[in-house]
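What follows is one structure encoded as structure tokens, with my remarks underneath.
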Amino acid sequence: LPATDNSSYSYFSHRFKMDDKVYRNYSFAWSQKDLVSVWVAYPLSKPYLQKNVDRQDTWAYDPHLGKELSSAPFSYYADDYARGHQLPSADRLCCKEANSQTFYGTNIAPQLNEHNEGIWQNLENRIREVANASDTTYVVTGCVVEGSKEITTDSDGKNITVPVAYYKAVLRYKKGDADVWTGAAFYTEHKKYPNNDLKAVSMSIDELEEMTGHDFFVNLPGKVGDDAAAAVEAQKPTDYKVWNL
């Protein structure tokens, strides 16, 4: 999980039950001023990635916040901004409850269609491929609202800040690999990318932390030690075949 010590945000988690076991679906840092989550953190592994149900499209207020504080994602945002998932619906087709929670307003942010259906979709697909070939993959998806001068409105007419950029920080664990832990990060400006090239927007986790001010994987040093964690977060994804860049 990322650090949760910024008092500008509120922090919550959603869980779901499947086969009599409770799973963490995703955690998020909510900006009430901007009405978007500045990051959404979630695990990917075989139980999550199995396909047992179809996309639910159950757009709803987040029950942690209620109607007054949650954004209202019931139709497209004004100015034809798409309702962009931070945790993709396609990553939670394991059961109805898990998938339905991805349609809460706190997991949605306004995106240009050309970005959402272009480089962003390409990135989501690539990370899913990596996760399917791993034991566990931890993802932090986020958006950058600092410096934004664009506002749109949701279904309730509430003002939503339009992010200036979107990003993903990824930590992959594969037991038995020469590199058991591998890290990667991607930062996309909120625009259309003509060739949707992921290599051009890739970087180390360290570099993304410098750009965003977030500490993405605060539990990693306790798992592998300070030196090993620092090495993983300094990795360039272009140096590792697993990211296929």
- Query: From the set of residues in the stretch 59-71 that are more than 19 Å from the chain's Cα centre (by Cα) and in a loop (DSSP other than H, G, I, E, B), which is farthest from Asn159 (Cα to Cα)?
  - Reply: Pro63
- State whether the residues of the stretch 48-60 include one that is closer than 20 Å to Pro163 by Cβ and either touching a Gly at 6+ places or on another chain (Cβ under 9 Å) or in contact (Cβ under 8 Å) with a residue 60 or more places away in the chain (or both). yes
- Task: Could you check, for the stretch 211-231, whether at least one of its residues is of a type in the set (Lys, Arg) and more than 19 Å from the chain's Cα centre (by Cα)?
- Result: yes
- Which ones in the stretch 182-219 are open to solvent by 50 Å² or more (accessible area, probe 1.4 Å), polar (S, T, N, Q) and either over 24 Å from Glu117 (Cβ atoms) or touching a Lys or Arg at 6+ places or on another chain (Cβ under 6 Å) (or both)? Asn219
- Query: Of the conditions (1) surrounded by 15 or more Cβ atoms within 10 Å (Cβ to Cβ); (2) in a loop (DSSP other than H, G, I, E, B); (3) at pLDDT 95 or above, Tyr76 fails just one. Which one is it?
  - Reply: (3)
- Selection count where residues are open to solvent by less than 10 Å² (accessible area, probe 1.4 Å) and within 18 Å of the chain's Cα centre (by Cα), scope the stretch 140-159: 4
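The values are calculated or read from the model by the stated rules, or taken from the named source; none is laboratory data. Every value quoted in this text rests on a predicted model; they were computed, and no experiment measured them. A quick note on method: Cβ atoms are made from the backbone with ideal geometry, for glycine too, and the neighbour counts reach across all protein chains shown. With ligands, DNA and RNA removed, areas are computed over all heavy atoms of the protein, side chains included. Shrake-Rupley method; radii C 1.70, N 1.55, O 1.52, S 1.80 Å.
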